[in-house]
Amino acid sequence: MLSLKIASSAEASAPPPVTPDGRYIVVRGRLWRRANPDLDAEQRRALTAELMNARRAVGAALKGRDDAALAAARTRVNEAKIALGERGPVWWSDGTPDQNRRMARNTRYADWYEALGSTA
């Protein structure tokens, strides 16, 4: 029998855990690079707004089955994520390699992640 777990409103609204160095959030056990903290508030707001608009454009293109619009919208998403620092070159300068999209348990954050328990 299929069992679905429905998140409580507290679980759904709780922010994801952030690695001790502030570089990643953890969602369903996977590391996702955070935005560059050196962006000023206005830059972050504008880039986040563009990212959300681009994501809506992806949805509209998928719904409309418009391949050209889909490609353009996905390019906009990628460009916004690069500008935010979530993709592309890392925003830190200490030479630590990027571990974006890797399972936390398989990274240098494994001990920290294990200590969280099942919260991530």
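Read the figures in this text as sums done on the coordinates, not as results from a lab. Since this is a predicted model, take the numbers as computed values, not measurements. Cβ: placed from backbone, ideal geometry, glycine included. Neighbour counts: every protein chain shown.
Could you list the trypsin sites (Lys or Arg not before Pro) in the range 50-82 that lie in coil according to DSSP, counting only those with at most 11 other Cβ atoms within 10 Å of their Cβ? All intermediate terms of the calculation are to be shown ahead of the outcome.
Working: sites: Arg55, Arg56, Lys63, Arg65, Arg74, Arg76, Lys81; in loops: Arg65.
Answer in residue order: Arg65.
Ignoring everything except DSSP H segments at least 4 long, calculate the 222 nm mean residue ellipticity for the chain; use -39,500 (n - 2.57) per segment, divide by total residues, nearest 500. Don't jump to the answer; show the numbers that get you there.
Values: 4 runs with 54 residues, N = 120.
Rounded to the nearest 500, it is -14500 deg cm²/dmol.
Hey, if you drop one equal point scatterer on each alpha-carbon of the chain and run the Debye formula without solvent, what base-10 log of I(q)/I(0) do you get at q = 0.12 Å⁻¹?
For the chain at q = 0.12 Å⁻¹, log10 I(q)/I(0) is -0.59.
So if each residue of separation counts as 0.36 nm, and I subtract the Cα-Cα distance between Ala110 and Asp67, what length gain in nm does that give?
Details: separation 43, 0.36 × 43 = 15.48 nm, distance 4.02 nm.
This chain segment gains 11.5 nm when fully extended.
Given Cα positions, please report Rg to Rh for the range 44-85, the hydrodynamic radius being the Kirkwood one.
On the way: Rg = 10.2 Å, Rh = 10.0 Å.
That ratio is 1.02, to two decimals.
Quick one: compute the contact order of the range 44-85, relative version, from alpha carbon pairs under 8 angstrom and 6+ residues apart, as a percent.
Details: 31 pairs, mean separation 21.4, N = 42.
Across the range 44-85, relative contact order equals 51 percent.
Taking the convex hull of the Cα atoms, report for the range 52-109 its projected area averaged over all directions, in nm². Walk me through the intermediate numbers first.
Numbers: hull surface 21.1 nm².
If I average the Cα hull's projected area over directions, I get 5.3 nm².
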